[in-house]
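Have a look at the structure below, then the notes.
The values are calculated or read from the model by the stated rules, or taken from the named source; none is laboratory data. Fair warning: this is a prediction, and the values are worked out from it, not measured in the lab. FYI the Cβ positions are ideal-geometry reconstructions off the backbone, even for glycines, and counts take in every protein chain you see.
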Amino acid sequence: MDLDALLADNPFCRKVGIKYPIAQAGMFQVAYGRLAGAVSAAGGLGVIGSAFMSGDELRREIRIAREMTDKPIGVDILFARVKAADGQAAAYTEQVAEHIEVTLAEDVQVLVSGLGNPAEVIPAAQAKGMTVMALVGTSRQAARVAEAGVDLVIASGHEGGGHVGRVGTMALVPKVVDTVDVPVLAAGGLVDGRGLLAALSLGAAGVWMGTRFIATEEARGHINYKNRIAAIDEDGTIVSLANSGKPNRMIRNGFTAAWEGREDEILPYPRQMIEVGAPASHQGRIEGDVENGILAAGQGSGLIHDVPPAGEIVHRIMAEMATALRPLGAAFG
Ligand SMILES: Cc1cc2nc3c(=O)[nH]c(=O)nc-3n(C[C@H](O)[C@H](O)[C@H](O)COP(=O)(O)O)c2cc1C
């Protein structure tokens, strides 16, 4: 069993036109052009997290990635909608409409839906030759986005950083693989070559990794945040509603302690996010106040011990997978 044989004809690599089946998650405040460009240049798929960016900012970040590589890159959009008048279909918010317009106009190769259903955008994106992927936390959501016509589904489990569903990666990924006909990427708690091999064993075509790529040189974010990810153990995170009103995995610190026992004060989504989560995330991730700010991260943090260049991570994951395969090759020929 060798690596080339395992990756020959990988449906994710083939569909998107990349060398390695490793996608870097589009992350709010963290995954900007520099990170996406570095991951794509190394042969993975780098994805810009557009959440809360202005249209001009998104255009600038896409161009930063483009200057670093001519390989495929992606943009992750949170497909939030505004409530419509009775009888009308809910429309995307003005900011989401702007993100869609910029992503299509800039000829990005991959569009990722991080939230909601991207149904209305799929025909225009696919007509331009783009690949459309969507994040899901249950097999029912997977069936809905597959029905809408996405090219790939990302099954993201409870171990992951940021907003999470209730189902763990190990149970979710094979269930989603069994549910949809399109290729699946596995996410949540996966940070190394063993995780990639496990994902392939579960029937996934590759991985979508967030936390691992935060602890890299090119990720946007304070070095204190990156170092805290590298320092904590696998039980150093908790799921809290205090960021946005929806379950969100973050590092246990003064912020999470201050909200314990005050669940009745948490505002409904998205008000908690606007009034508490966004400023506290900025305080933690960008200003580096690791005690009082929000530091989104997954349980895979326990396996992260350094803050190297992002491209090195891509190559390291492939080397680790080859090592993990060796005993299997010996056992099964
Ligand atoms: C700091 C942070 C910000 C995130 N922001 C987004 C986002 O804007 N859009 C999105 O689709 N997912 C977002 N996610 C979730 C990731 O897409 C992914 O599901 C998760 O990171 C996978 O688990 P892992 O962190 O264990 O790799 C975020 C995750 C983190 C840690």
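Structure notes:
- Within the range 21-60, the set of residues being farther than 21 Å from Val150 by Cβ and away from the ligand (no atom under 16 Å from the Cβ) comprises Gly37, Ala38, Ala41, Ala42, Gly43, Gly55, Asp56, Arg59, Arg60.
- Any hit, the range 6-22, residues being within 19 Å of Gly162 (Cβ to Cβ) and either modelled with pLDDT of 90 or more or not aromatic (Phe, Trp, Tyr) (or both): yes
- Yes/no for Thr211 being surrounded by 24 or more Cβ atoms within 10 Å (Cβ to Cβ), in the same structural domain as Asp9 (by TED's automatic domain parsing) and in contact with a Gly (Cβ under 8 Å, 6 or more places away or on another chain): yes
- Residue check for Val75: within 9 Å of the ligand (Cβ to nearest atom), outside any loop (DSSP other than H, G, I, E, B) and surrounded by 24 or more Cβ atoms within 10 Å (Cβ to Cβ): no
- Remark: pairs (first residue in the range 291-319, assigned to a strand (DSSP E or B); second residue within 16 Å of the ligand (Cβ to nearest atom); Cβ separation under 7 Å; 6+ apart in sequence or on different chains) = Ala296/Gly161; Ala296/Gly162; Ala296/Asn248; Ala296/Arg249; Ala296/Met250.
- All positions within the range 159-179 that are free of Cβ contacts under 8 Å to residues at least 40 places away in the same chain, crowded, with 19+ Cβ neighbours inside 10 Å and among the aliphatic types (A, V, I, L, M): Val167, Leu172, Val173, Val177
- Enumeration of residues in the range 258-284 that are basic (Lys, Arg) and under 25 Å from the mean Cα position of the chain (by Cα): Arg271
- Lone qualifier among Gly168, Gly161 - being touching a strand residue (DSSP E or B) at 6+ places or on another chain (Cβ under 7 Å) and either within 22 Å of Ala38 (Cβ to Cβ) or not hydrophobic (A, V, I, L, M, F, W, C) (or both): Gly161
- Residues that are of a type in the set (A, V, I, L, M), surrounded by 15 or more Cβ atoms within 10 Å (Cβ to Cβ) and in a helix (DSSP H, G or I) within the range 247-278 comprise Met273, Val276, Ala278, listed in sequence order.
- All positions within the range 22-75 that are farther than 23 Å from Tyr225 by Cα and touching a Pro at 6+ places or on another chain (Cβ under 7 Å): Ser40, Leu45
- Residue, farthest from the ligand (Cβ to nearest atom), within the range 182-197, restricted to residues that are among the aliphatic types (A, V, I, L, M) and assigned to a helix (DSSP H, G or I): Leu197
- Given (1) crowded, with 24+ Cβ neighbours inside 10 Å; (2) touching a residue at least 60 places away in the same chain (Cβ under 8 Å); (3) more than 15 Å from the chain's Cα centre (by Cα), number of the condition Asn227 does not satisfy: (1)
- In the set (1) more than 15 Å from the ligand (Cβ to nearest atom); (2) crowded, with 16+ Cβ neighbours inside 10 Å; (3) in the same structural domain as Gly43 (by TED's automatic domain parsing), Leu241 fails one condition alone, (3).
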